[in-house]
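*Asks:* Below is a structure I'd like to ask you about.
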Amino acid sequence: MNKKTDYYGIDNALKERIKEFNCIYNLTAIIKDRSISIEEALQKIVDIIP
């Protein structure tokens with residue numbers, strides 16, 4: 001492995017982590033929103049999970 005492939009692997013790993021954190025953040029926002037029904041919340045959760 002050379003530095004270029006190392007950076008490529010690290011970059012991809014970081015992008016995946018960002019997607020995971022964004023998903024968790026969005027899940028938290030949905031769960032905290034008391035103005036929507038359980039059905040709406042579950043549908044929103046299904047929609048954001050990759």
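Any read-out appearing in this document is the output of simple, stated calculations on the displayed coordinates, not a laboratory observation. Everything numeric in this text was worked out from a predicted model, so none of it was measured. All Cβ positions, even for glycine, are placed from backbone atoms using ideal geometry, and neighbour counts span all protein chains on display.
*Asks:* Condition first: closer than 18 Å to Glu20 by Cβ and touching a helix residue (DSSP H, G or I) at 6+ places or on another chain (Cβ under 8 Å). Now tell me which residues in segment 33-50 satisfy that.
*Replies:* Listed by number, the residues that qualify are Lys44, Ile45, Ile48, Ile49, Pro50.
*Asks:* I'm trying to understand the selection: among the residues of segment 10-42, which are part of a helix (DSSP H, G or I) and among the β-branched types (Val, Ile, Thr)?
*Replies:* Ile10, Ile18, Ile24, Thr28, Ile30, Ile31, Ile38
*Asks:* Let me ask something additional. Which residue pairs have Cβ atoms under 8 Å apart, sit 6 or more places apart or on different chains, and have a first residue in segment 1-23 that is closer than 21 Å to Ile45 by Cα and a second that is not small (Gly, Ala, Ser)?
*Replies:* As it stands, the answer is Lys19/Pro50; Cys23/Ile48; Cys23/Ile49; Cys23/Pro50, since those pairs meet every condition given.
The rows are residues; the columns are (1) surrounded by fewer than 10 Cβ atoms within 10 Å (Cβ to Cβ); (2) not aromatic (Phe, Trp, Tyr).
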residue	(1), (2)
Asn2	yes, yes
Tyr8	no, no
Ala29	no, yes
Ile38	yes, yes
Leu42	no, yes
Ile45	no, yes
Ile49	yes, yes
